[in-house]
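A short worksheet on the structure shown next.
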Amino acid sequence: MADQKRQKPLRADAERTVQTILTAAERVLSANPAATMEQIAEAAGVARTTVHRRFATREALVDALSEWATRQFHDAVVGAPVTAPPLVTLYQVTANVLRVKIGWGFAMSRRTPQDPEVAQVHADVLERCDTLFLRAREAGVLRPDADLLWVRQVYYALIHEAAQNRADDLTASPNAEVDTLATQVVDTLLHGLGGPGASGSTLTHP
């Protein structure tokens, strides 16, 4: 029993070390995709041997970084409250996903849809999104005749553009910035960009 108690802090410490290395790797590789293990170790504030002990090669480190980001993306969606009103859940999911996409942009770009783990994550996310948008339509957040496939595609596009355009603009208050950005994404999805005169209007062609 005494041995087990002594091992727990070591496991926790090892986990913290890995997280520190992965966080530093994301930051360094985002700025310089060709950065070395030594540069990552320096940014993480650990010895080079520590990085090599956790990750045998640079490729292993990048793979671990991508796997970590994929899990974060999955948790960002499935971890949102499913019993809350759909609008509340939509805002929460949007903010969660933006944090992952902005904070782990390099890692998220390294894995393809053909990767089995990525494919499973995206399948889970798609199912959650479809359920969320169905609840939103039933609750009147979306129009009764809203095409949910189109809604999801527009939503994905808005999140992608928001993350791409704002990844370098986060200030000293990144959480506040992401919350504001999430509000813009959801408001644009639900209300568009038209003014009061656009309500009920139709386009005419010459």
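Observations, loosely collected:
- Each label was represented as a point 7 Å from its Cα along the Cα-to-Cβ direction; for Glu127 and Trp150 these points are 2.8 nm apart.
- Using a simple spin-label model with pseudo-atoms 7 Å out from Cα toward Cβ, Thr83 and Arg53 lie 4.4 nm apart.
- For the peptides 178-188, 26-36, the ranking by mean Cβ contacts within 10 Å, running from highest to lowest, is 178-188, 26-36.
- Coupling constants for the range 123-134 follow from the phi torsions by the Karplus curve (6.51 cos²θ - 1.76 cosθ + 1.60, θ = phi - 60°), and in residue order they are 5, 5, 5, 4, 4, 5, 5, 4, 5, 5, 5, 5 Hz; glycine and proline get x.
- Among 145-157, 74-86, the order from most to least packed when residues are scored by Cβ within 10 Å on average: 74-86, 145-157
- Highest-first packing order for the peptide set 12-19, 89-96 is 89-96, 12-19, based on the mean count of other beta carbon atoms within 10 Å.
- Pairwise FRET efficiency - Arg16 versus Leu193, Cβ, R0 = 35 Å, nearest 0.05: 0.20
Computed from the coordinates by the stated procedures, all read-outs in this text should not be read as laboratory data. As the structure is a prediction and not an experimental result, all values here were calculated from the model. Please note: Cβ atoms are built from the backbone with ideal geometry, for glycine as well, and neighbour counts cover all protein chains shown.
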